[in-house]
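> Submitted below is the structure of interest, expressed as structure tokens.
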Amino acid sequence: MRKLFLIALSVLVVTIVPEIIQAKEKYAVLVGVGQYPNLRESLQLNGPPKDVQLLREYLTNVEELPEDHVICLTDGGPQLPTHANILAALENLKEKLATGDFALLYFSGHGSQQPDEPGADKEHDGHDEIFLPADVKNWNKGKQAVENAIVDDEIGDFISAYRHKGADVWVVFDSCHSGTMTRGVGDEIVRTRKVLPKDLGIPDTFSDKRGQQSRGHGDYDVSAFTDTSTESSASNLGELIQFFAARANEETIERLLPRGAKVSEQDTMGLFTHSLVSVLFRYPDVSYDALAQMIIAEYASIPHYSSRPQFNGTNMDQRVFGGGSEHNLAFRATLDTESKLLAAERAGKLRGFDKGATVSIHPNAADTSMIGTGVVTEATLTESTIAPNWKEGAAVPDKKWKPVHIRLVQPAYKPTVRIAEVETIHDADNLRLRDIINALEKDNISLVEFSDYDPDADYFAAFFDDKFWLLRPGQTLPCSVQLLTEEERRKCERTRVSEPLFWSSPDDTRTLVLRAARARNLVKLQSFSNVPASLKLKVEIERKKGIGHPGDPKTRRFSLGELKGLLKAGDKVYVSASNGSRDAWNIFFFYVDSNLDITPMQDYGESARVKSKARINMLVGTVTNQTVGTESLVIIADPARDGKEANYYFLAQEGYEKIATRGKDNLRSPQKSPLQLIMEGVWKGDKNASSRSMNAPSPQGSQAHIRVFTWWVE
């Protein structure tokens, strides 16, 4: 979306009344299948039971669902995730639900596909999506089906029944081929949650048929199968929210997480589930739409293995889990008088208490008054150690191990960008790459580090054709220079590279590396996404008739979730911000395109002030086919205090391919907000800038907040 054909800004006064909807009763059925006795060893999974454990902990501790309202079916548990047990749990839930209730259905494990069920309505692509229970067997020729598999239509029937009873339903699939699982409604580090049809004994003719029907189709439109608008006449019909770990033709993975942690602190979990629950722990009052955008941003800031999560629903603006819960996320901590540090219990990396995070300290869980602040100095998955900064005159604990309580103020920001080397078939080129990287390392570029090949790197570097090349995660080198067997090379040549590679001359590599690091770091600011509920930020896409669903009007507005985060040429991107608080906010919009441009949406010097009870609407621009790949809209919201306006224009940069001049001065403002101090430190290479600037928030609690909206242009 390099050309921004129009930038329009309008402000009008509105009255904002937040929608508060509270479910009567909340239930969850959590299914995690890792062990498949009837499948070969290489298809066994480790993550699903831990996924269920992580989600169950959140539901019972944060959402405070009663233990008997959370039904877990997983390996080694009291209820094994067999075909019969899963269907029985879904049937029992149907008997319990009533109007106004809420149900979460969660499935973690293997997915696959099989031919249409004989006699059933034919799917447009000739196959059914299936979820594999623990007792799944191979293809049954007589039944013309995979024995004991759960078909998408079966799950769809249960969802429809729940909704017709007036219950809201949230369904989450962390499995491959999950993109259309509800359409019936209408290496040891990384392992794919995918079982190929041939692994289940399905005849080759199905794979041939599927390839013919899917070729050129690209993606299967989830919303076409789950659109329930024809049922809207039912006055008590419940809402439906759907989260999928991948599109129908993609794979999802499990791996050791968190990334970058010590091996002793990692565990195997689904990448999608880990991302979802990590966001929920930090922001339990988030809406489904905001949660979806945060997950997409998380995926965009890490190697996502070509998997693009999908989200849609009948009311994505609702709060998660039916809303209404009081989240008292205060964690008990004790004072160690010898080291003067707080050892927090249950407040570790999974809840955002990573090294560098800032916290507030309170005398007890019910008291919101602060007796100090602190910075996390060490952290494991479940615990953290905090250096306190006591408030002057506060009643500081004077006894060893006397308890206090902490709350997360701001998650840590990890600005280091890692670039890994990728070898080609030419030894001379590989030696040249090593020489270039040695020179870059001696140059000591701020917050950039280089390594040997590492699948978790932010970028990958190679040298061929007398050029230095930089690849994003998921990109590959040209087939001609890859280290491949003959068979792998033939397969590679049939694969289309969807995103252009960055390159530079050997003498200009520093410029490319710096611009790539700045763009990546700005998107990583998603970790600062502590946006208050009174400030509503929304991105919508206007799409012309013929590109959206059949029967659409001439144009229609979609959320990013409805379009699965996939934009096409001609789409118009709009952003809005509604300020429902009593205070004014300074709100800045930055567009980060796939060519490393960081473009401010407001002119330099233009007021970014949004007054109390006001709304700002902006046309970001029109998508073109000039660039493809990952793009983001970064929104920085800073509370307006003492009539001063913050200024973030210093974040702007031209893309690596300088094809336009925007005429905006690249100047820093004299006003210094906490985020500006952080970012100035980041660009200057001060790794302690985050901890220092956020260590002592002002009495008014003034600090900048970030939201990142991310999409892919195809």
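> Can you tell me which residues in the range 149-170 are open to solvent by 40 Å² or more (accessible area, probe 1.4 Å) and touching a Leu at 6+ places or on another chain (Cβ under 8 Å)?
Passing the criteria: GLU154, HIS164, LYS165.
> Mind checking whether some residue in the range 417-434 is modelled with pLDDT under 90 and over 30 Å from HIS362 (Cβ atoms)?
Scanning the range 417-434 turns up at least one residue that is modelled with pLDDT under 90 and over 30 Å from HIS362 (Cβ atoms).
> Considering every residue within the range 81-99, establish whether at least one is open to solvent by less than 30 Å² (accessible area, probe 1.4 Å) and modelled with pLDDT under 95.
no
> Now for a separate question. Say we look at the range 245-270 and pick out the residues that are part of a loop (DSSP other than H, G, I, E, B) and of a type in the set (Lys, Arg); which of these is modelled with the lowest pLDDT?
Here is the first cut: in the range 245-270, the residues part of a loop (DSSP other than H, G, I, E, B) are 245-252, 258-262, 266.
So of that shortlist, the ones also of a type in the set (Lys, Arg) come out as 247, 259, 262.
Values: ARG247: 74, ARG259: 72, LYS262: 68.
Here the answer is LYS262.
> Does the range 207-223 contain at least one residue that is under 16 Å from ILE130 (Cα atoms), among the aliphatic types (A, V, I, L, M), buried (at least 23 other Cβ atoms within 10 Å of the Cβ) and at pLDDT 50 or above?
no
> Here's a follow-up. Which condition breaks for VAL52 when tested against (1) in a helix (DSSP H, G or I); (2) open to solvent by 60 Å² or more (accessible area, probe 1.4 Å); (3) at pLDDT 90 or above?
(2)
> Report, by residue number, each residue of the range 488-513 that is farther than 14 Å from LEU471 by Cα and either modelled with pLDDT of 75 or more or open to solvent by less than 50 Å² (accessible area, probe 1.4 Å) (or both).
GLU488, ARG489, ARG490, LYS491, CYS492, SER505, PRO506, ASP507, ASP508, ARG510, THR511
> Which one of these does PRO78 not meet: (1) assigned to a helix (DSSP H, G or I); (2) surrounded by fewer than 20 Cβ atoms within 10 Å (Cβ to Cβ); (3) of a type outside the set (Lys, Arg)?
Checking PRO78 against (1) assigned to a helix (DSSP H, G or I); (2) surrounded by fewer than 20 Cβ atoms within 10 Å (Cβ to Cβ); (3) of a type outside the set (Lys, Arg), the one that fails is (1).
> Turning to a different aspect of this structure: Scan the range 475-487 residue by residue and report those that are part of a loop (DSSP other than H, G, I, E, B) and surrounded by 15 or more Cβ atoms within 10 Å (Cβ to Cβ).
GLN475, LEU477, PRO478, GLN482, LEU484 - these are the residues of the range 475-487 that are part of a loop (DSSP other than H, G, I, E, B) and surrounded by 15 or more Cβ atoms within 10 Å (Cβ to Cβ).
> Let me ask something else. Which members of the range 429-448 meet the condition of being over 14 Å from ASP466 (Cβ atoms), in a helix (DSSP H, G or I) and open to solvent by 80 Å² or more (accessible area, probe 1.4 Å)?
Selection gives GLU441, LYS442.
> Name the residues in the range 336-351 that are open to solvent by less than 30 Å² (accessible area, probe 1.4 Å) and at pLDDT 80 or above, would you?
Selection gives LEU342, ALA344, ALA347, GLY348.
> Do we have VAL29 as within 22 Å of LEU280 (Cα to Cα), touching a Ser or Thr at 6+ places or on another chain (Cβ under 7 Å), at pLDDT 95 or above and surrounded by 17 or more Cβ atoms within 10 Å (Cβ to Cβ) here?
When the stated conditions are applied, VAL29 does not pass them.
> Looking only at the range 441-471, which residues are closer than 23 Å to GLU250 by Cα and modelled with pLDDT under 80? Steps first, answer last, please.
Residues of the range 441-471 closer than 23 Å to GLU250 by Cα: 454-460, 471.
Matches in the range 441-471: ASP454, PRO455, ASP456.
> In this structure, does THR273 turn out to be within 16 Å of the chain's Cα centre (by Cα) and either under 23 Å from TYR27 (Cβ atoms) or modelled with pLDDT of 85 or more (or both)?
For THR273, the condition - within 16 Å of the chain's Cα centre (by Cα) and either under 23 Å from TYR27 (Cβ atoms) or modelled with pLDDT of 85 or more (or both) - is met.
> From the list SER581, SER594, SER607, pick out the single residue that is of a type outside the set (Lys, Arg), open to solvent by 10 Å² or more (accessible area, probe 1.4 Å) and either under 26 Å from PRO473 (Cβ atoms) or at pLDDT 80 or above (or both).
Working: SER594 fails: open to solvent by 10 Å² or more (accessible area, probe 1.4 Å); SER607 fails: either under 26 Å from PRO473 (Cβ atoms) or at pLDDT 80 or above (or both).
Only one candidate qualifies: SER581.
> Given the options ALA103, ALA98, name the one that is over 20 Å from ASN148 (Cβ atoms), part of a loop (DSSP other than H, G, I, E, B) and small (Gly, Ala, Ser).
Going through ALA103, ALA98 in turn, the sole match is ALA98.
> Sticking with this one: Restricting the search to the range 366-385, which residues are over 25 Å from GLU265 (Cβ atoms) and crowded, with 16+ Cβ neighbours inside 10 Å?
MET370, ILE371, GLY372, THR373
> Can you tell me how many residues in the range 617-629 are open to solvent by 10 Å² or more (accessible area, probe 1.4 Å), modelled with pLDDT of 85 or more and of a type in the set (A, V, I, L, M)?
Total meeting the criteria: 1.
> Restricting attention to the range 358-368, which residues are modelled with pLDDT of 85 or more and either aliphatic (A, V, I, L, M) or out of contact with any Ser or Thr (no Cβ under 9 Å at 6 or more places or on another chain) (or both)?
VAL359, ILE361, ASN364, listed by residue number.
> Another question about this same structure. Please indicate, with yes or no, whether at least one residue in the range 523-531 is at pLDDT 80 or above, surrounded by 14 or more Cβ atoms within 10 Å (Cβ to Cβ) and on the phi < 0 side of the Ramachandran plot.
No, the range 523-531 contains no residue that is at pLDDT 80 or above, surrounded by 14 or more Cβ atoms within 10 Å (Cβ to Cβ) and on the phi < 0 side of the Ramachandran plot.
> Sticking with this structure for a sec: Being out of contact with any Gly (no Cβ under 9 Å at 6 or more places or on another chain), among the small types (Gly, Ala, Ser) and either open to solvent by 10 Å² or more (accessible area, probe 1.4 Å) or closer than 29 Å to ASP168 by Cβ (or both) is the requirement here; does SER42 meet it?
Yes, satisfied.
The values are calculated or read from the model by the stated rules, or taken from the named source; none is laboratory data. Note that the structure is a prediction, hence the values are computed from the model and not measured. Note that we place each Cβ from the backbone using ideal geometry, even for glycine, and neighbour counts take in every protein chain shown. Quick note on the areas: whole protein, heavy atoms, side chains included, nothing else; ligands and nucleic acids left out. Shrake-Rupley method; radii C 1.70, N 1.55, O 1.52, S 1.80 Å.
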